[in-house]
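Before we start, here is the structure in question, set down as structure tokens.
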Amino acid sequence: MAERMTFSHFSEYPFINFINTVKMERGEIKEQLHDKEDLTYWLELMVEHNQLITKQVEHIQSGPIGIRELQSFRDWCRSYFNGDFGKEEFSNRLSSNLEEVPLYFELHGEHLIPLPSSKGTDGLIALLSYEILNVMSEGTIDKVKACENEGCLALFVNKKGKRRWCSMDVCGNRAKAKKHYRKKTSV
């Protein structure tokens, strides 16, 4: 693992956190998902934040992991949110992922949890595809926005329609400080 993965905003949606495994740093795009160790760290974060359960993670990790394939899926998802293609094409491919790797469900406490029929990369892509399709069915997908800070690649869910930044603490304060500085220097 090159360096510890960081997030300016940690979402309640695993697919957003997965898409946000690439970030902008000093004007350069930085990959945070380099190898299996990085994926393991990301999966552990998902368990720590109650977005996946240990059984799902163990199931995924017990199969072959293709980092390039995961990066490609992530980048393809990101291109949808950048407006490169429409919702129908997006949902068709996600549905196709689930046809290739169907899910089954188990009761965990009081909740049904999805488990992919395949392990490894295919299993993780199936779980993420399922989550995105669920978010689409709820209408939440239309609330996924990109941070307005041009130096940030993070996506977030803008539930109330008023947010502009992935994190007020990071990007929002930077934008406000920059605006304040411009005002002061132009006087």
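The values are calculated or read from the model by the stated rules, or taken from the named source; none is laboratory data. Treat the numbers as computed from the prediction; the structure is a model and nothing was measured. Don't worry about glycine lacking a Cβ; one is built from the backbone with ideal geometry, like all the others, and counts go over all protein chains shown.
If a residue must be in contact with a helix residue (DSSP H, G or I) (Cβ under 6 Å, 6 or more places away or on another chain), among the β-branched types (Val, Ile, Thr) and either at pLDDT below 95 or farther than 21 Å from GLY66 by Cβ (or both), how many such residues does region 1-42 contain?
The total comes to 0.
Yes/no per residue for (1) crowded, with 19+ Cβ neighbours inside 10 Å; (2) in contact with a Phe, Trp or Tyr (Cβ under 8 Å, 6 or more places away or on another chain); (3) within 25 Å of LYS143 (Cα to Cα):
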| site | (1), (2), (3) |
| --- | --- |
| TYR13 | yes, no, yes |
| ASN20 | yes, yes, yes |
| HIS49 | no, yes, yes |
| SER72 | no, no, yes |
| PHE90 | yes, yes, yes |
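Let me ask something else about it. Cβ-Cβ below 8 Å, separation at least six or inter-chain, first residue in region 106-126 and in contact (Cβ under 8 Å) with a residue 40 or more places away in the chain, second basic (Lys, Arg): which pairs?
Partner pairs satisfying both residue conditions: GLU106/LYS55; HIS108/LYS55; ILE113/LYS55; LEU115/LYS55.
Report yes if ASN97 is under 25 Å from ASP142 (Cα atoms), crowded, with 17+ Cβ neighbours inside 10 Å and either polar (S, T, N, Q) or more than 20 Å from the chain's Cα centre (by Cα) (or both), otherwise no.
yes
Restricting to region 151-187, name every residue that is at pLDDT 80 or above, among the aliphatic types (A, V, I, L, M) and within 20 Å of GLU28 (Cβ to Cβ).
LEU153, ALA154, LEU155
OK, next. Out of LEU98, LEU70, which single residue is within 27 Å of SER167 (Cβ to Cβ), of a type outside the set (D, E, K, R) and assigned to a helix (DSSP H, G or I)?
None of the others qualify; the one that does is LEU70.
On to the next question. Out of ILE113, ILE60, ILE132, ILE125, I need the residue that is surrounded by fewer than 19 Cβ atoms within 10 Å (Cβ to Cβ), at pLDDT 95 or above and of a type in the set (Val, Ile, Thr). Which one?
Step by step, each of ILE113, ILE60, ILE132, ILE125 is checked, and only ILE113 is surrounded by fewer than 19 Cβ atoms within 10 Å (Cβ to Cβ), at pLDDT 95 or above and of a type in the set (Val, Ile, Thr).
On to the next question. Considering only residues that are within 14 Å of the chain's Cα centre (by Cα) and part of a strand (DSSP E or B), look in region 10-52 and name the one that is nearest to ARG74 (Cα to Cα).
Result: VAL22.
Next question. If you scan region 147-168, which residues turn out to be surrounded by fewer than 16 Cβ atoms within 10 Å (Cβ to Cβ) and touching a residue at least 60 places away in the same chain (Cβ under 8 Å)?
GLY151
Also: Taking PHE85 as meeting all but one of (1) free of Cβ contacts under 8 Å to residues at least 24 places away in the same chain; (2) farther than 19 Å from PRO116 by Cα; (3) assigned to a helix (DSSP H, G or I); (4) touching a helix residue (DSSP H, G or I) at 6+ places or on another chain (Cβ under 9 Å), write down the number of the exception.
(3)
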